[in-house]
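Here, each number is a calculation from the coordinates, and none is a lab measurement. In this text, all values refer to a predicted model and were calculated from it rather than measured experimentally. With ideal geometry, Cβ positions are generated from the backbone for all residues, glycine too; neighbour counts draw on all protein chains shown.
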Amino acid sequence: MMSEQGKDCYGGQMQHMAEGKMRKYLGLSLIFMFVMFAYSAYVYSKAFSQSIQPSSFRSFGVDGEGKITAIPDVAKFTFGLVSEGGKDISKLQKENTDKMNKAISFVKSEGVADKDVKTMNYNLTPKYQYYDCGVRVYNAETKACPPPEIVGYTINQTIAVTIRDFSKVGDIVSGVVKNGANSVSELSFEIDDPSSVIEKARELAILKAIDKSKKVAKTGDFKVGRLLSIEEGSSSSYLYRNYYGKGGGPSLMAAEAMDASLPAPSLEAGSQEIVVNVILRYEIK
C-alpha cells in the first residue's frame, strides 16, 4: 500500500498538472479573444470606410441632359426717371414724384396688378462744383483753395414691372416713356414659375443617365450596382432685347429717342429653353 507521504506526492503532481492545463486553456482563450477582437475591429473599420466613401475604387459615373423648350408667360422690364435740380430738395422730389406717379398710374391702368410693380431703387445724390486753384507756389502767400460746393441734386428712381398680358407689352413699354420715364431697360420674356418645367427636364436627364449606365455596363462587361451619388446643374436661356437710346446708353429707349407719334414696338416672346444636367455615380458589381 502507498504510504501517506506517497499519497501526498501523487496528489501534488495531479494538482500541478491540473493547474498547468488551466493555464494552457486560459492562454488559448486569451489568444482567441484577441484574434476575435482584431477581426471585429477590421470588419467595423472596413464597413465604416465603405459607409463614408462606398466603392471609391469600384464605381463609375454617367451624365444625362434634359432639355425642355417652353413658351414664356411673363414679360419683365424696368423703367426709370432721372431728375436733376438745384439746391431745393423738396421741389426736386415733388417734380420727380409727380412724373413717376404718372408713369406708374399709366402702367396700372393697362391692367398690371399692384404686386407686379416694384420700386427697385431710389437715390438722391448731390452735384458738386469743383474749383481749379491753379499751381500752388511753395512758401508763397496764397489764399486757401475753397472746398467743393454742392450746387444741386439728382434723383434716380427705377421701377420693375411684370406684364402677364403679352398683347400689351409694346404699348406699356412705349407708354411709360410718353408718361414721364426717361429710360426703359432689361426687357425679357420669362417663365413665371419654372419649377414644373425644371422637374420635367430633370426627369428626362435622369432617364437618359440611367439608360447610359446600362449601355456602359454592357460594353464593359459588368453589372450596375447601387446608386452612390447624384449631382445636378441647371440653366435657362430666354429672349432678351436691348435697344439703345440717345447717346448709345444701355437702355431700351430714351425720352429723347422716343417719338410719341410712332407706333408701339412689336415685341415677340419667343421661347425659353430649360436645361438640367445630372451625373449619376454607380457601384460596379
- Keeping to the range 86-118, report how many residues are free of Cβ contacts under 8 Å to residues at least 24 places away in the same chain, acidic (Asp, Glu) and touching a strand residue (DSSP E or B) at 6+ places or on another chain (Cβ under 7 Å). 1
- Message: Looking only at residues that are surrounded by fewer than 18 Cβ atoms within 10 Å (Cβ to Cβ) and over 26 Å from the mean Cα position of the chain (by Cα) in the range 61-84, which one is farthest from SER235 (Cα to Cα)?
- Response: GLU84
- Task: Go through (1) surrounded by 11 or more Cβ atoms within 10 Å (Cβ to Cβ); (2) in contact (Cβ under 8 Å) with a residue 40 or more places away in the chain one by one and return the number of the condition LYS214 breaks.
- Result: (2)
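Residue-wise test of (1) assigned to a loop (DSSP other than H, G, I, E, B); (2) of a type outside the set (D, E, K, R); (3) closer than 28 Å to GLU273 by Cβ.
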{"residue": "ILE150", "(1), (2), (3)": "no, yes, no"}
{"residue": "ILE159", "(1), (2), (3)": "no, yes, no"}
{"residue": "LYS168", "(1), (2), (3)": "no, no, yes"}
{"residue": "ILE172", "(1), (2), (3)": "no, yes, yes"}
{"residue": "GLU186", "(1), (2), (3)": "no, no, yes"}
{"residue": "PHE189", "(1), (2), (3)": "no, yes, yes"}
{"residue": "LEU204", "(1), (2), (3)": "no, yes, yes"}
- Task: Kindly establish whether ILE172 is surrounded by 14 or more Cβ atoms within 10 Å (Cβ to Cβ), over 30 Å from PHE106 (Cα atoms) and not basic (Lys, Arg).
- Result: no
